[in-house]
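Take a look at the structure set out below.
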């Protein structure tokens with residue numbers, strides 16, 4: 001290999017490292033205390049704009065799962081991604097890990113940071129948190145977008161399915177570190193899900209606080225029983241970006257979303273489309289945000 005070729009390779013590597021360093025700098029975490037100093041929120045912020053995008057992660061993961069979205073949408077929006085208390089680096093001095101408490105955290109974060117024209121994007125469990133927050137009719141909330149959630153509205157489980165669900169909870173309570181990643185392997189991935197995405201999710205599940213992980217799972221399930229009734233009270237159009245890994249029952253949504261709904265499907269992904277197909281996910285979300293205006 002000649003000297004010129006070696007020099008070009010070295011330059012390319014240096015530029016690559018600079019790009020990584022810039023991304024890491026942009027994703028530098030910040031912290032703010034809310035709710036009478038009982039809760040510390042770890043968050044990432046980037047960009048400016050009249051509209052704020054607030055990304056909220058799902059069960060047993062954290063705000064870094066939105067890294068691609070923070071980078072992409074910060075060109076035109078004021079973008080935040082938070083760690084929910086008990087996950088990532090956010091903390092709370094409490095033992096109550098209900099959907100309602102998390103919604104109070106989100107509302108307090110919006111108020112404390114004085115956010116305006118907020119579009120909440122909630123993944124998985126955060127769909128319920130987003131819904132509960134939106135039901136307050138806070139004028140600062142401009143819209144809501146669910147990511148791979150509200151797929152089972154009006155779906156009736158068979159007795160066999162209910163038994164499988166009920167049998168899973170004791171396993172999760174007694175051996176969270178192994179049962180949570182096993183659940184991910186069985187239920188949350190698509191055959192096309194990249195190995196690095198699978199490994200990342202399973203590692204984060206295994207390393208989550210087992211008590212908080214178990215309590216949030218139970219509380220979400222209990223809250224979700226009344227999702228249909230709550231959707232009837234929702235004064236926002238419900239936008240969803242859902243994977244086709246499992247079907248979305250749009251008939252149920254039609255029966256209960258009084259202010260209509262819109263489902264955008266992203267194909268050949270599991271439960272984590274924002275990291276499995278980030279470029280395609282971003283284009284779909286961009287379309288949804290345009291439709292909102």
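The values are calculated or read from the model by the stated rules, or taken from the named source; none is laboratory data. Fair warning: this is a prediction, and the values are worked out from it, not measured in the lab. Counting neighbours? That spans all protein chains shown, and the Cβs are built from the backbone with ideal geometry, glycine included.
Key figures
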| quantity | calculated |
| --- | --- |
| Subset of region 192-220 [surrounded by fewer than 16 Cβ atoms within 10 Å (Cβ to Cβ), over 21 Å from residue 64 (Cβ atoms) and in contact (Cβ under 8 Å) with a residue 40 or more places away in the chain] | 192, 218 |
| Selection within region 133-164 - touching a strand residue (DSSP E or B) at 6+ places or on another chain (Cβ under 8 Å) and surrounded by 20 or more Cβ atoms within 10 Å (Cβ to Cβ) | 133, 134, 141, 143, 144, 145, 146, 147, 148, 149, 150, 151 |
| The listed residue being part of a loop (DSSP other than H, G, I, E, B), at pLDDT 95 or above and under 16 Å from residue 131 (Cβ atoms), out of 259, 219, 235 | 235 |
| Listing of helices (runs of 4 or more DSSP H) fully contained in region 38-142 that carry 3 or more residues being over 30 Å from residue 196 (Cβ atoms) and touching a helix residue (DSSP H, G or I) at 6+ places or on another chain (Cβ under 7 Å) | 99-112, 126-134 |
| Single residue of 188, 234, 152 found to be at negative phi, under 16 Å from the mean Cα position of the chain (by Cα) and in contact (Cβ under 8 Å) with a residue 60 or more places away in the chain | 188 |
| Counted residues, region 224-248 - those being over 27 Å from residue 286 (Cα atoms) and surrounded by 19 or more Cβ atoms within 10 Å (Cβ to Cβ) | 1 |
| Residues within region 183-213 that are in a helix (DSSP H, G or I) and either farther than 21 Å from residue 152 by Cα or touching a strand residue (DSSP E or B) at 6+ places or on another chain (Cβ under 7 Å) (or both), tallied | 17 |
| Flag for residue 83 being under 27 Å from residue 187 (Cα atoms) and crowded, with 21+ Cβ neighbours inside 10 Å | yes |
| Failed item in (1) part of a helix (DSSP H, G or I); (2) free of Cβ contacts under 8 Å to residues at least 40 places away in the same chain; (3) surrounded by fewer than 13 Cβ atoms within 10 Å (Cβ to Cβ), with residue 251 passing the rest | (2) |
